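Contents: one structure, followed by commentary.
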Amino acid sequence: MSQIYLYDTTLRDGTQSEDISFLVADKVRIAQLLDELGIHYIEGGWPGSNPKDIAFFKEIRKVELKQAKIAAFGSTRRARTTPAKDTNIRTLIQAEPDTITIFGKTWDFHVREALRISLEENLELIYDSLAYLKEHVDEVVYDAEHFFDGYKANPEYAIKTLEAAERAGADCIVLCDTNGGTLPFEIGRIIDQVRKQIRTPLGIHAHNDSECAVANSLVAVEHGIVHVQGTINGFGERCGNANLCSIAPALNLKMDRPCMSEEQLRNLRIVSRTVYELANLVPNKHQPYVGNSAFAHKGGVHVSAIQRHPETYEHIRPEKVGNITRVLVSDLSGKSNILAKAEEFNINLDSKDPVTQEILENIKDLENQGFQFEGAEASFELLMRRALGTMRHFFSVLGFRVIDYRGHGDARPLSEATVRVKVGGRIEHTAAEGQGPVNALDNAMRKALESFYPQLKDMRLFDYKVRVLPTGKGTASVTRVLIESGDRLARWGTVGVSDNIIDASYQALVDAYQYKLLQHQERQNRQD
Ligand SMILES: CC(=O)SCCNC(=O)CCNC(=O)[C@H](O)C(C)(C)COP(=O)(O)OP(=O)(O)OC[C@H]1O[C@@H](n2cnc3c(N)ncnc32)[C@H](O)[C@@H]1OP(=O)(O)O
Ligand SMILES: CC(=O)C(=O)O
């Protein structure tokens, strides 16, 4: 069976996605990651489009890549000129890539409406652009834009455009589902017809407008396609492009068409996350294979079964793509979830111990009141340790008061908090101001506790989320506060629920400090 070549267009089609723009340095970093991942072709951009893309091709020449070829993208020449005079074609050659990819029109409707030239003239555009490029670069790929729509509308003309590309010497002809409207059963049928008339190796470029981009790409491989285009995380114009983070594991693990080594595949999740980070986007938790939830088990029935055998509810072993199995705790949990979490937290808990059932019932009751432990695993660990009586009592809060005052004509309100805490036999009484009541409370609590526990100084609050629970009581509603805190070594989530937003915040803050102190203590115990 032929080798499948992966062609990544994150740096070109990916940047056509709303909200995505990379700096030249980001593009170079991503190209290096893709090269290490084993991607065969990296489409770096359209040098005829903007100076940033020209700069990328200059910069990437200075980088020693292990194996990937760098491709530059552009279009067939404009009408009423020659390839040698066409600025876009000249810029492509000047970029000095390993491969040049140009797109041309397949669909008669597009030739008439978008280019406004004759069908014959379009065939000339395709032929002489590719033939000219072939004289200047070793490898030329032809992207047959709107191939599937064009084929459905006028199959004879669509095939003529591919024949023009083949005659001109294209090394690969890529059938594009540009509008993303083609369904998997149409893909196989059409490719089978094309393969009867075209000898050049074929590729696929599928958009995701019908949510079939990955499926269409895999079906295409089943029907003899050897070059698969796509992007990391499925970034791309409108609804995105075929997601290589799903295509690569499917080819490697399910279709026996390996396109990268097992070791490279294990880096898939880290590449996905780094690309999200460079795009300044929050990773999609539910993304297949690489998302945080891809192997996260919530239902008690599922957790019970995966503990007996992971394959009962996991389609692949998550480690193969660099991911991990996670167990969530919620009101859908059974004892298995509690026991799995206990093991994760290094807590000895027996399924027959009545405290296991107690913890489970407590969770269900608290979730019914509005708590949510999925994003607050630190609060859950503290709850478990308190139930078992193994939690050290680091401090108790004897009381707190928060004042928010805004006088007539004041530019901004004043927030001040006072707290009384007891540590061992000592009582500390402190006050602090803050940017708002929660910050004032946080400042006052830290001021009181830091003299006893200086390790709290390196703890930071990363995220603070408030959700009004739907009780229909307006400003008297119950609120849930989720806080994400962290230090140099870890991040953790805590939760509080109350009909008073300050009180809900207070509960989440206290759990955050307690968890930090617990972690510090455990680290010290391990060192001793
Ligand atoms: C299916 C795809 O995703 S293809 C990639 C799409 N990506 C992009 O468009 C991003 C980069 N594009 C750009 O920076 C700009 O559009 C440029 C520099 C390429 C062109 O800019 P402009 O010259 O101002 O043209 P504009 O963008 O308004 O219109 C597109 C032009 O390309 C022509 N064109 C479109 N497809 C083709 C083609 N396959 N072959 C030749 N010309 C084409 C159009 O006819 C139009 O030319 P005209 O105005 O002379 O009739
Ligand atoms: C070439 C390309 O990006 C497309 O047809 O969608």
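Bear in mind that the values in this text are calculations on the coordinates, not laboratory data. Everything numeric in this text was worked out from a predicted model, so none of it was measured. Cβ coordinates were reconstructed from backbone atoms using ideal geometry, including for glycine residues, and neighbour counts include every protein chain displayed.
The loop-placed GluC sites (Glu not before Pro) in segment 35-117, going by DSSP, that have at most 16 neighbouring Cβ atoms within 10 Å of their Cβ come out as 64. Length available on full extension from residue 351 to residue 524: 0.36 nm per residue minus the Cα-Cα distance, which gives 59.3 nm. By the count of other C-beta atoms within 10 Å, a proxy for reagent exposure, 63, 228, 303 are ordered fewest to most as 63, 303, 228. Hydrodynamic estimate: the Kirkwood radius of segment 1-67 over Cα pairs, inserted into Stokes-Einstein at 25 °C and 0.890 mPa s, corresponds to D of 198 µm²/s.
Exceeding 25 Å between C-alpha atoms, which entries from my cross-link table qualify? They are 341/457; 52/160; 66/285; 85/105; 341/447. Don't skip to the answer; put the middle values down first.
Working: 341/457 28 Å; 52/160 36 Å; 66/285 31 Å; 85/105 20 Å; 341/447 33 Å.
Among 341/457; 52/160; 66/285; 85/105; 341/447, the Cα-Cα distance tops 25 Å for 341/457; 52/160; 66/285; 341/447.
When the inverse distances between all different Cα atoms of segment 414-528 are averaged and flipped, the Kirkwood radius reads 15.1 angstrom. Computed from the C-beta positions of residue 195 and residue 256 and an R0 of 22 Å, the FRET efficiency is 0.60 to the nearest 0.05. The phi-based Karplus calculation (6.51 cos²θ - 1.76 cosθ + 1.60; θ = phi - 60°) puts the 3J(HN,Hα) values of segment 17-33 at 7, 4, 6, 10, 8, 10, 6, 4, 4, 4, 5, 5, 4, 5, 4, 5, 4 Hz, whole numbers, x for Gly and Pro.
Based on the mean of other beta carbon atoms within 10 Å per residue, what is the order of 250-257, 170-177, 477-484, most packed first?
Details: 250-257: 16.6, 170-177: 24.6, 477-484: 21.0.
Most protected by this proxy first, the peptides run 170-177, 477-484, 250-257.
The alpha-carbon atoms of the chain define a convex hull whose volume equals 215 cubic angstrom per residue. 3J(HN,Hα) couplings calculated from phi for segment 143-159 with the Karplus curve 6.51 cos²θ - 1.76 cosθ + 1.60 (θ = phi - 60°) are, in sequence order, 8, 7, 4, 6, 4, 5, 5, x, 5, 5, 7, 8, x, 5, 5, 4, 5 Hz; Gly and Pro show x. Residue by residue, segment 71-86 carries 3J(HN,Hα) couplings of 10, 10, 10, x, 10, 4, 4, 5, 5, 6, 8, 10, x, 5, 9, 6 Hz when phi is fed to the Karplus relation 6.51 cos²θ - 1.76 cosθ + 1.60 (θ = phi - 60°); x denotes Gly or Pro. Here the simple spin-label model places points 7 Å from the Cα toward Cβ, and for residue 451 and residue 489 these points are separated by 2.7 nm.
Determine the relative contact order of segment 387-469: mean sequence separation of Cα pairs under 8 Å and six or more apart, normalised by residue count, in whole percent.
21 percent
With the convex hull constructed from alpha-carbon coordinates only, segment 396-452 shows a mean projected area of 3.7 nm² over all directions. Of the GluC sites (Glu not before Pro) in segment 147-251, the ones in a loop by DSSP (not H, G, I, E or B) with at most 14 other beta carbons within 10 Å are 211. Take every DSSP beta bridge whose two residues both sit in the chain; close to 50 percent of them are antiparallel.
Sort 373, 148 by Cβ crowding within 10 Å, fewest neighbours at the top. Intermediate results must be reported in sequence, preceding the final value.
Numbers: 373 24, 148 27.
Fewest to most other Cβ atoms nearby, the residues stand as 373, 148.
Measuring nothing but how far apart in sequence close Cα pairs (under 8 Å, 6+ apart) lie, relative to its length, segment 49-208 scores a relative contact order of 20 percent. Protection proxy ranking, highest mean first, for peptides 310-317, 69-76: 69-76, 310-317, where packing is the per-residue count of other beta-carbon atoms within 10 Å, averaged. Residues of segment 264-295 with an amide N closer than 14 Å to a point placed 7 Å from the Cα of residue 344 along the Cα-to-Cβ direction: 292-295. Give me the percent relative contact order of the chain, please, defined on Cα pairs under 8 angstrom at least 6 residues apart. Here the relative contact order equals 9 percent.
Tell me, 304, 336 in order of fewest to most beta-carbon neighbours within 10 Å? Intermediate values should be presented prior to the final figure.
On the way: 304 18, 336 22.
Starting with the residue having the fewest Cβ neighbours, the order is 304, 336.
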